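Notes follow the structure.
The values are calculated or read from the model by the stated rules, or taken from the named source; none is laboratory data. For clarity, every value in this text was computed on a predicted model and none was experimentally measured. Please note: Cβ atoms are built from the backbone with ideal geometry, for glycine as well, and neighbour counts cover all protein chains shown. Only protein heavy atoms, including side chains, enter the accessible area calculation; ligands, DNA and RNA are left aside. Shrake-Rupley method; radii C 1.70, N 1.55, O 1.52, S 1.80 Å.
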Amino acid sequence: MPEVARIDKWLWAARIFKTRSIAADACKNGRVTIGGVNVKPSHTVKAGETVCVRKPPVTYSFRILKTIEQRVGAKLVPEIYENVTTPDQYELLEMNRISGFVNRARGTGRPTKKERRAMDAFVEPSLEGDFGAFFDDDDWDDENS
């Protein structure tokens, strides 16, 4: 086991990102910080450091327990890092999940049919079974007489 590892390799090996190139792009775009400082993909990390990864809308924090450069199985992840993300970040994630489609991110395209129906149901209350508001009994009798 090496004493130090590249941050992009570690993020991929620890299963925080699906591919190493995605991890490197996150570093290049300023979404990975150590001690409040943006790091390059080639930055070396060692055990004991805390890495902050911003995956909007949440900023996750991980304390490195082992420095690895080879991807491990999901069962071994607790040996690699400790999740020290603050509870308020998870509250933010939950609030975003609840609001869901209300604040669509720019560039995500048109809503799906399911999302559109959910928006319509949210904006306009259901009128199921309440047709009395549209028809007056006197008007119905006049037309059908």
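Structure data summary
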read-out: Filtered residues of the range 95-113 (kept if within 25 Å of residue 55 (Cα to Cα), at pLDDT 70 or above and open to solvent by 70 Å² or more (accessible area, probe 1.4 Å)); value: 95, 97, 98, 108, 110, 112
read-out: Test: residue in the range 124-141 that is farther than 24 Å from residue 51 by Cβ, modelled with pLDDT of 60 or more, more than 15 Å from the chain's Cα centre (by Cα) and exposed (fewer than 10 other Cβ atoms within 10 Å of the Cβ); value: yes
read-out: Count of the range 5-25 residues which are in contact with a Leu (Cβ under 7 Å, 6 or more places away or on another chain) and small (Gly, Ala, Ser); value: 1
read-out: Of residues in the range 1-29 being small (Gly, Ala, Ser) and under 17 Å from the mean Cα position of the chain (by Cα), the one surrounded by the most Cβ atoms within 10 Å (Cβ to Cβ); value: 23
